[in-house]
1. Using the structure shown, decide if B:Gly78 is more than 8 Å from chain A (Cβ to nearest Cβ), within 16 Å of B:Gly269 (Cβ to Cβ) and in a loop (DSSP other than H, G, I, E, B).
2. So A:Lys25 ticks every box in (1) within 18 Å of A:Asp406 (Cβ to Cβ); (2) more than 34 Å from the chain's Cα centre (by Cα); (3) basic (Lys, Arg) but one. Which box is left unticked?
3. Going by what's in this entry, would B:Tyr73 be described as of a type in the set (Phe, Trp, Tyr) and away from every other protein chain (no Cβ under 14 Å)?
4. Please go through region A:270-295 and pick out each residue that is in a helix (DSSP H, G or I), at the interface with chain B (Cβ under 10 Å from one of its Cβ atoms) and more than 26 Å from the chain's Cα centre (by Cα).
5. Could you list all residues from region B:116-131 that are more than 9 Å from every other protein chain (Cβ to nearest Cβ) and crowded, with 22+ Cβ neighbours inside 10 Å?
6. Given the conditions (1) touching a helix residue (DSSP H, G or I) at 6+ places or on another chain (Cβ under 6 Å); (2) not assigned by TED's automatic domain parsing to the domain that holds A:His226, which single one is not true for A:Cys303?
7. Could you say whether any residue in region A:12-22 is under 31 Å from the mean Cα position of the chain (by Cα) and either at pLDDT 95 or above or surrounded by fewer than 21 Cβ atoms within 10 Å (Cβ to Cβ) (or both)?
8. Considering each residue of region B:203-238, count those that are of a type outside the set (Ser, Thr, Tyr) and touching a Phe, Trp or Tyr at 6+ places or on another chain (Cβ under 9 Å), and give that number.
Protein chains: 2
Amino acid sequence: MAKTYAEMSKEELEQLYAQLDQEYKDAKGKGLALNMARGKPSPAQLDMGMGFLDAITSESDMHASDATDVRNYGVMDGLPEAKHLMADIMETLSSNVIVCGNASLNIMYDTFSRAFTHGLLGNTPWGKLDKVKFLCPAPGYDRHFAICEHFGIEMITVPMSPTGPDMDMVEKLVAEDEAIKGIWCVPKYSNPQGYTYSCETVRRFAALKPAAKDFRIFWDNAYAIHHLYDEESRQDRIPDIIAECKNAGNPDMVFEFASTSKVTFAGAGIAAIASSQANLDDMRKSMTVQTIGYDKINQLRHCRYFKDINGIKAHMKKHAALLRPKFEACERVLEKELNSTGIAEWTTPNGGYFISLDVMEGCAKRVVALCKDAGVTLTGAGATFPYKKDPKDSNIRIAPSYPTPDEMAQATDLLVLCVKLAAVEKLLNK
Amino acid sequence: MAKTYAEMSKEELEQLYAQLDQEYKDAKGKGLALNMARGKPSPAQLDMGMGFLDAITSESDMHASDATDVRNYGVMDGLPEAKHLMADIMETLSSNVIVCGNASLNIMYDTFSRAFTHGLLGNTPWGKLDKVKFLCPAPGYDRHFAICEHFGIEMITVPMSPTGPDMDMVEKLVAEDEAIKGIWCVPKYSNPQGYTYSCETVRRFAALKPAAKDFRIFWDNAYAIHHLYDEESRQDRIPDIIAECKNAGNPDMVFEFASTSKVTFAGAGIAAIASSQANLDDMRKSMTVQTIGYDKINQLRHCRYFKDINGIKAHMKKHAALLRPKFEACERVLEKELNSTGIAEWTTPNGGYFISLDVMEGCAKRVVALCKDAGVTLTGAGATFPYKKDPKDSNIRIAPSYPTPDEMAQATDLLVLCVKLAAVEKLLNK
């Protein structure tokens with residue numbers, strides 16, 4: 001068995017460094033230009049979904065199931081069939097759902113904004129409080145953290161594990177500190193690890209006893225149906241958090257979000273929020289001032305194209321068929337090149353859009369910079385932590401979706417080279 | 001010449017009352033069921049625009065003029081051609097424009113919300129101030145007033161005239177009171193009168209000298225291209241407020257809004273904001289946290305269908321051809337039945353979606369109630385004033401767009417009957 005880098009002598013490391021440095025110089029000469037920075041669908045995925053655009057034409061009946069003319073004003077909170085479809089994606093009841101515009105991020109932002117200006121369920125608006133804090137399981141999604149930062153919310157990092165956030169810490173903190181008003185969660189195929197919360201984690205969330213009456217779990221179920229494998233045994237599942245919270249006596253404690261951004265077209269999908277009746281009614285009070293209604297034609301376009309959740313699931317298998325080879329290409333290279341080195345760990349998710357790679361402490365920024373100089377753009381190191389500060393400078397998010405499988409293999413070849421080079425540099429104090 | 005109601009003797013009025021009361025009882029028996037409450041396009045207008053839905057199909061090239069793949073993430077502030085189209089509607093430069101989602105109301109709300117949580121151009125967030133006031137020309141648009149009310153902003157009513165708001169009052173108030181942070185304007189074909197601000201009014205707006213550094217004109221150009229007549233002499237025009245403010249040394253003083261809600265489909269249009277570079281950059285700082293981007297496919301759908309502003313103008317003539325007969329049917333009945341009575345005044349706009357009717361003081365609520373009891377729903381009396389309180393209880397907004405011309409004539413027949421009945425009741429103290 002090969003030595004790990006830590007076990008190598010200085011001479012062995014120097015020799016390795018010379019070899020890696022040469023390989024890196026060669027790689028730079030190849031003129032790569034690949035972008036793995038964001039979880040963007042690939043052109044092949046987008047081409048695959050073009051039929052969606054023919055679901056509504058000038059010949060279509062433009063009436064929804066409740067006889068609403070979708071071309072006119074009205075229906076603020078979503079067509080019945082759109083609520084049903086989004087509820088099925090989230091595996092909750094359609095009566096818990098409001099369907100909004102094209103992006104769940106916008107609903108999340110608006111929910112924060114509303115909490116700041118008007119407060120939640122009659123509680124003091126967050127904007128009137130001296131201090132508002134949020135728990136942020138990390139590594140996590142940079143755009144969640146950006147919302148907190150934008151509103152001046154103090155973020156408290158909570159460590160992540162393969163079964164979800166450190167629940168002992170979550171339970172203790174929310175029970176002790178009334179200033180903690182919420183927590184960000186990506187419960188299934190988490191961004192960036194692809195972890196799925198265990199049933200126990202979900203139930204402990206539902207049973208939280210927060211000091212703040214207006215504490216809310218922001219449950220971003222972004223990858224609810226984004227499996228990479230067709231076998232049910234490799235499709236992760238989580239309980240319905242809305243039902244769990246209700247059963248635990250905390251019906252108003254959660255806002256759940258989902259969208260079809262990575263189902264139909266990014267930016268031209270539909271997005272939804274699910275919560276208790278009290279929370280939805282509270283939200284409707286603001287919505288009725290904010291909008292006459294969202295794009296019902298696009299809601300109907302989704303319902304006509306997919307018919308029902310089975311249509312969506314069949315469609316998601318086509319996405320999976322395009323995504324899977326890229327994840328596997330990446331994982332193969334990581335396994336082959338880094339497995340015996342002792343300098344990196346990574347996840348092998350069953351779904352979602354990302355692989356999380358932990359390199360040697362203090363090396364993530366260097367790896368990202370080395371990759372960038374050789375033509376491969378990764379998500380900025382640190383982006384997966386609050387304030388963009390990874391305390392160990394170790395985590396890198398890999399987004400395999402956009403490149404082709406060949407490009408993905410090439411990009412990962414470069415990535416592992418940079419991971420090794422940065423580690424040897426570090427060990428040699430170069 | 002017939003006597004006005006005020007000139008009639010008690011006996012004449014009693015006789016008239018008996019006759020009107022009988023007519024009203026007969027009218028109630030007809031079982032009318034018409035809704036003129038909101039400015040909704042009619043089914044005929046919606047049918048006329050169905051071709052729009054074929055502008056993007058599975059066969060379409062999905063790239064914008066700058067090669068953006070509109071099916072993927074990105075382009076937060078609008079496609080170049082969509083900016084151009086919306087700029088042409090507002091008769092301003094496309095560099096002044098950000099294109100957003102499906103509704104300008106939502107942009108207005110978000111602009112308020114941002115001012116409350118983050119402040120405008122570095123000024124104190126409105127939410128941190130003890131008092132925020134807004135000028136509200138009235139009669140005006142109820143949804144504007146609803147935004148102010150929702151955010152706890154004190155509304156100050158400014159009288160409207162055929163050339164716009166009382167500018168002497170506006171100039172005086174904004175110069176004196178730093179708590180006044182803005183004014184609502186519908187500068188062309190105003191809601192509900194259909195008045196268009198004179199050039200002098202627009203220039204006086206641009207030259208305002210407000211005490212508040214973050215005073216903003218909310219210029220809701222909702223009916224920019226919504227003419228009722230094809231003759232240019234009957235098409236109202238206003239100067240570009242963005243350019244006027246810049247020339248007057250107040251480049252950051254205005255936010256302009258427009259949408260295609262009443263061009264293509266209500267709720268499935270695109271909406272835009274126009275302002276100075278400083279204001280747009282300020283807005284982008286929040287937008288980049290709030291959204292990855294709006295629906296670019298729908299933006300492209302608009303650009304492909306209309307080609308350019310001339311395509312839109314041709315389309316608006318078709319809308320006008322459907323709307324004009326309804327406005328004229330209404331105006332004919334008002335003229336014939338009320339002209340010599342001295343109990344009502346009304347507007348005869350060249351565009352927009354409304355006619356404003358002022359009935360005898362103290363009678364508007366009664367007229368709306370009488371109409372409702374006989375099957376014709378009007379916008380609630382008072383809705384056109386801040387806090388829904390019309391100090392004279394006189395103004396009624398007529399929305400002729402939704403009914404057919406025949407229905408419109410029938411509805412106006414009932415309306416004038418109720419206007420007369422309420423007036424006689426009032427004069428007789430019944």
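The values are calculated or read from the model by the stated rules, or taken from the named source; none is laboratory data. No experiment lies behind these values; they were computed from the predicted model shown. Glycine gets a Cβ as well: all are built from the backbone with ideal geometry, and neighbour counts include every protein chain shown.
1. Judged against the criteria, B:Gly78 is a match.
2. (1)
3. no
4. Once the filter is applied, which keeps residues that are in a helix (DSSP H, G or I), at the interface with chain B (Cβ under 10 Å from one of its Cβ atoms) and more than 26 Å from the chain's Cα centre (by Cα), region A:270-295 yields A:Lys285, A:Ser286, A:Thr288, A:Val289, A:Gln290.
5. B:Leu120, B:Trp126
6. The failed condition is (2).
7. Scanning region A:12-22 turns up no residue that is under 31 Å from the mean Cα position of the chain (by Cα) and either at pLDDT 95 or above or surrounded by fewer than 21 Cβ atoms within 10 Å (Cβ to Cβ) (or both).
8. 17
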